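Trainee: Dumping the structure here so I can ask a few things about it.
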Amino acid sequence: MLTDIEARELTIAAPARRILLATPSWYPALAILDNEVAKRVIGIGRNPGDTLPEAERDLSGKPRVGSTWSQTFSIEKALELKPDIVIGGRPSRVQSQALESAFAKAGIPVVYVDFDSHPVRDTDRSFEILGRVLGAEDKAAEFVDFYRRHVRTITDRLTTPGLARPTLLMMSRGPSVPCCLASPDNGVTAYFGGLGVENLAGVTNGAPVQFSLESIIERDPDIFVAIDLFSDSRSMFGQPRSLAQGTASLETLKQEPGLRELAAMRNGRVHVLDSYLMRSPLNFVTFEALAKWIHPELFADLDPQATLDEINRRFLKTPLKGPFWTSLDPATDRSFGERR
């Protein structure tokens, strides 16, 4: 028996041999637990293409069965692949009822894990669940220990008395993305609450908050983080991705009418963060980057790139190279996002 992240008790045959991965962005978690897991993945929920991070390219050529988030997931195609297990993220209630009913009739368990809806609560538990599914409990325990130690390094220091509480705005950026959509305290941004910062977008039901440029100027955030929504040529890092292009994109952003008058822009506290990494099983690396940006003096020795390098070296056969973030903050490490 296994209890998934939705508290559903399931009977599974572990280790799984034929995996349908309905949420491809979860792939790094599987690859961390088994370097050869791509051989066990017989289908994926959407086309990873040639522009997503390197580890996910292990899945190129795998059959695609549509996307759960865009309502194009084909249960018929999925069943034709004869998986012995389906792994997915938190679905809507309508989606989950349809998926679970169809696969239950075929005797195929659907296991839910979560790395973006409630990352603080669910990341380590999700790795433990996948460890059971893959028959890799020892590897899961090793990585969960690694994860908890890195998170604890931050949370322990944030108990420092008299810690400043700056204001933060995280805004979605990219071609055709309207101004000014801000990330609220939901999803992976649940980490905000533990970072001693006031998120100007506040708390919502999960939807982005629409600001006017005038209201942003009035609120005048101390820290501005651009959320890069794309992994192809539309990315702020360009294609092929480069730190130089990411920095150039921030310099351009810093000069935009209206935005250039913000305190964050004047003081160089402007950053870019890749949305893929935020919502992946490696979300805690973004926690480190945000901690350093928000409290640069408190976390002067923190090195998110070294964390990603260690993950690549110790756990991933196909490394995630990035860059996934960079900064114009003079108080932060200029090597952010560079591969060492």
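The values are calculated or read from the model by the stated rules, or taken from the named source; none is laboratory data. As the structure is a prediction and not an experimental result, all values here were calculated from the model. Cβ atoms come from the backbone with ideal geometry, glycine included; neighbour counts cover every protein chain shown. Just so you know, the surface numbers come from the protein's heavy atoms only, side chains and all, with ligands and any DNA or RNA stripped out. Shrake-Rupley method; radii C 1.70, N 1.55, O 1.52, S 1.80 Å.
Trainee: Take the residues of the stretch 79-101 that are charged (D, E, K, R) and not in a helix (DSSP H, G or I): which is modelled with the lowest pLDDT?
Mentor: Checking each candidate, the answer is R90.
Trainee: Looking only at residues in the stretch 326-340 that are among the polar types (S, T, N, Q) and in a loop (DSSP other than H, G, I, E, B), which one is modelled with the highest pLDDT?
Mentor: Checking each candidate, the answer is T332.
Trainee: Output the residues belonging to the stretch 111-139 that are over 20 Å from R279 (Cβ atoms) and open to solvent by less than 10 Å² (accessible area, probe 1.4 Å).
Mentor: Matches in the stretch 111-139: G131, V133, L134.
Trainee: When you look at S74, is it over 19 Å from the mean Cα position of the chain (by Cα), open to solvent by less than 40 Å² (accessible area, probe 1.4 Å) and hydroxyl-bearing (S, T, Y), yes or no?
Mentor: Yes.
Trainee: Against the definition (open to solvent by less than 10 Å² (accessible area, probe 1.4 Å), assigned to a loop (DSSP other than H, G, I, E, B) and modelled with pLDDT under 95), how does F192 come out, yes or no?
Mentor: Answer is no for this residue.
Trainee: Going by what's in this entry, would F230 be described as out of contact with any strand residue (DSSP E or B) (no Cβ under 7 Å at 6 or more places or on another chain) and surrounded by 15 or more Cβ atoms within 10 Å (Cβ to Cβ)?
Mentor: Here the answer is yes, as F230 does meet what is asked.
Trainee: Next up: For the stretch 142-170, enumerate the residues that are hydrophobic (A, V, I, L, M, F, W, C) and open to solvent by 60 Å² or more (accessible area, probe 1.4 Å).
Mentor: A164, the sole residue that qualifies.
Trainee: Given L273, L253, L277, which one is part of a helix (DSSP H, G or I) and either of a type in the set (D, E, K, R) or farther than 22 Å from S126 by Cα (or both)?
Mentor: Every option except L253 fails the conditions.
Trainee: Find the residue count for the stretch 293-325, including only residues that are among the β-branched types (V, I, T) and modelled with pLDDT of 95 or more.
Mentor: Qualifying residue count for the region: 2.
Trainee: Right, here's the next one. Does the stretch 148-162 contain at least one residue that is under 30 Å from D34 (Cα atoms), of a type in the set (A, V, I, L, M, F, W, C) and at pLDDT 90 or above?
Mentor: Yes, the stretch 148-162 contains a residue that is under 30 Å from D34 (Cα atoms), of a type in the set (A, V, I, L, M, F, W, C) and at pLDDT 90 or above.
Trainee: Being farther than 19 Å from I32 by Cβ, at pLDDT below 90 and buried (at least 16 other Cβ atoms within 10 Å of the Cβ): is that true of S249 here?
Mentor: no
Trainee: Name the residues in the stretch 3-31 that are outside any loop (DSSP other than H, G, I, E, B) and surrounded by 15 or more Cβ atoms within 10 Å (Cβ to Cβ), would you?
Mentor: L10, I19, L20, L21, P24, S25, W26, Y27, P28, A29, L30, A31
Trainee: Give just the number: which of (1) over 21 Å from S172 (Cα atoms); (2) within 16 Å of the chain's Cα centre (by Cα) does P296 not satisfy?
Mentor: Looking at each condition in turn, P296 falls short on (2).
Trainee: Quick check on L59: is it within 28 Å of S235 (Cβ to Cβ), open to solvent by less than 50 Å² (accessible area, probe 1.4 Å), of a type outside the set (G, A, S) and modelled with pLDDT of 90 or more?
Mentor: yes
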